[in-house]
Amino acid sequence: MYVPREFFPAVLKTEDGRFLADGFAKGTLFNRTLEFRGDFVPLLQYRTRARVVRIQNGYETLKFEGLVYLSSPAMLRLVEVNEWELAQTALETPQELSLSATVIQREASRERGCEARIFSLSYDKLRFTSPETFEEGEILGVKLDAPLSLRGIEVQIRERIAFGQRERTGYRCDILASPEEWRQRLTEYLVELSHQPPSNDTADA
């Protein structure tokens, strides 16, 4: 069975936890759906409540529950899936956002704040644009402003990205350190964002 790389190993269960099938799943936060695929997926009645559990390193981790919308021998689609777990899964890969930020460059005992705009963010990766020039390998502090206010984030520039705009440069970074509430607040923010109507605004990339 061909499985796209964005799908993760999972098991399908009944609402009360009875095993039904092994397979792979992929969730979509912004319409609260989850698709499960397997070599043989039991047929379930429309609007039946079912559970999909993510498997990581042989252990059950995130639990997704929702209502059956589509059911076939190869695929099951759940709707009205719990948002928190969908957001956690989504943030393992970079999400396109547009957030105002300040990048803090440390030189000897001095700090210099530089304007930046984050346009892609996950639990461990960050991409931003800035009118300032930074070097690959440089370590910077990042302070996020409203609507996602966070302090104490430390990143290392992995790659400079050319955008064809002379006044701004893009940077792809690894997050080295972040406050303890980082994952929770970022997850909350993505859930909040999923409730908002789509916007035509784009990041300054």
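Here, each number is a calculation from the coordinates, and none is a lab measurement. If you're wondering where the values come from, they're calculated on a predicted model, not measured in any experiment. Every residue, glycine as well, gets a Cβ built from its backbone with ideal geometry; the counts of neighbours run over all protein chains shown.
Within a straight-line Cα-Cα reach of under 26 Å, K63 can be paired with the following lysines, leaving aside sequence neighbours fewer than 8 residues apart in one chain: K13, K26, K125.
Extents of the chain, largest first, come to 62, 36, 30 Å (Cα atoms, principal axes, whole angstrom).
Which log10 I(q)/I(0) values, to two decimals, does region 61-141 give at q = 0.21, 0.23 Å⁻¹ under the Debye formula with one point per Cα? Treating every Cα as an identical point scatterer, log10 I(q)/I(0) equals -1.01, -1.11.
Other residues within the sphere of radius under 14 Å centred on the Cβ of D124, judged by their own Cβ, net out at +2 (K and R +1, D and E -1).
Derived scalar couplings between HN and Hα for region 14-31 equal 6, 4, 8, x, 7, 5, 10, 6, 8, x, 9, 9, 8, x, 10, 5, 6, 10 Hz in order, rounded to whole Hz, by the Karplus curve 6.51 cos²θ - 1.76 cosθ + 1.60 (θ = phi - 60°), x for Gly and Pro. For the listed peptides 107-115, 92-100, 60-68, a ranking on the average number of other beta carbons within 10 Å per residue, highest first, reads 60-68, 92-100, 107-115.
Compute the FRET efficiency between E136 and R112 as 1/(1 + (r/R0)^6), taking r as their Cβ-Cβ distance and R0 = 22 Å, and round to the nearest 0.05. E(calc), rounded to 0.05, equals 0.75. Sorting the segments 126-132, 48-54, 141-147 by their residues' average number of neighbouring beta-carbon atoms within 10 angstrom, most packed first, yields 126-132, 48-54, 141-147. Taking Cβ atoms as reference points and 12 Å as the exclusive limit, the residues near Q156 contribute a net charge of -4, counting Lys and Arg as +1 and Asp and Glu as -1.
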